[in-house]
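> Here it is, the structure in full.
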Amino acid sequence: MASSQNRTDRLYALMEILKDGGLHRAEDLAASMHVSLRTIYRDMQTLANSGVAIEGERGTGYRAKAVLTLPPLNLTEEELEALHIGLEVVGTGMEGPLQAAAESLSAKIDAVLPEEIGGVAQGFGFAAYPFAETTQALRHLEPLRTAIRSKQKLRVAGADGVTRDVRPLKLDYWGRVWTLGVWDETHGGFAKIRVDQMNDLSVLPGLFVEEPGKSLKDFLVQA
């Protein structure tokens, strides 16, 4: 059975489904993705190998594990994300002893992370195909955070050649992918944009104010 999506897009779509924490049968996932059961089994193994926290097996179903935080430290979301980003940069950008040390530290952190509701990222292992390229998102994170805090409109140019003007509302990180929740002024609706697929972004003149139907609260309701 042929897939209607390329593999990277399908894996991202599977992560979006699993984020709800519910149990999903492989048969249902295969039907929704228009692929075979064997393909779903391979995709789940790929996600697990890439460090995405998934539990389950063939014949029962799959679910995402609870979001994780690191005890005994009380870390903010920014601190936990910074820790992961630092390990990701060293582990994917260096060679030799430093890379080995980053991988070892990553494994030690994974070993002591308890399951708990709350927090941000899942897993600190290093990305396998197809998420190794997500480190390209790092250069955009700080300007995006600044724009969210200051309510600054942005013009975003995607890898697909599409350019749109947006109101940045929320940065999310899950399963090794950063996404930006926006009100898309070009197309008139809410959208999630993968940060690693942004070719460029620029600040537009003027700030935006919260309006009914276009706010972060509205985005979270429909997400």
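The values are calculated or read from the model by the stated rules, or taken from the named source; none is laboratory data. Bear in mind the structure is a predicted one, so any value in this text is a computation, not a measurement. Cβ atoms come from the backbone with ideal geometry, glycine included; neighbour counts cover every protein chain shown. Protein only, heavy atoms only, side chains kept; ligands, DNA and RNA dropped before computing areas. Shrake-Rupley method; radii C 1.70, N 1.55, O 1.52, S 1.80 Å.
> Working with all protein chains in place, sort 146, 46 by solvent-accessible area computed with a 1.4 Å probe, largest first.
The residues order as 146, 46, largest area first.
> Ok, one more. So, taking all protein chains as they sit and a 1.4 Å probe, how much accessible area belongs to residue 105, in Å² rounded to tens?
80
> Could you do me a favour and compute the accessible area per residue for region 148-223, 1.4 Å probe, result in Å²?
Details: 3810 Å² over 76 residues.
Here the per-residue accessible area is 50 Å².
> I've got another one for you. Estimate the FRET efficiency between residue 104 and residue 220 by the formula 1/(1 + (r/R0)^6), using the beta-carbon distance for r and 25 Å for R0, to the nearest 0.05.
0.10
> Shifting gears a bit: What number comes out for the charge environment of residue 165, summing +1 per Lys or Arg and -1 per Asp or Glu over other residues with Cβ under 11 Å away? Mind showing how you got there, number by number?
Working: positive: 153, 155, 164, 167; negative: 184, 185.
Net of charged neighbours comes to +2.
> Report the gain in length on full extension from residue 8 to residue 25: 0.36 nm times residue separation, minus Cα-Cα distance, nm rounded to one decimal. All intermediate terms of the calculation are to be shown ahead of the outcome.
On the way: separation 17, 0.36 × 17 = 6.12 nm, distance 2.06 nm.
Roughly 4.1 nm would be gained on extension.
> For region 167-210, list residues with backbone N below 16 Å from a point placed 7 Å from the Cα of residue 155 toward its Cβ?
167-168, 185-187, 199-207
> Shifting gears a bit: Say each of residue 49 and residue 79 gets a label point 7 Å from the Cα, pointing the same way as Cα to Cβ; how far apart are those two points in nm?
3.6
> As a test question: what accessible area, to the nearest 10 Å², does residue 200 have when a 1.4 Å probe is rolled over all protein chains in place?
The value for residue 200 is about 90 Å².
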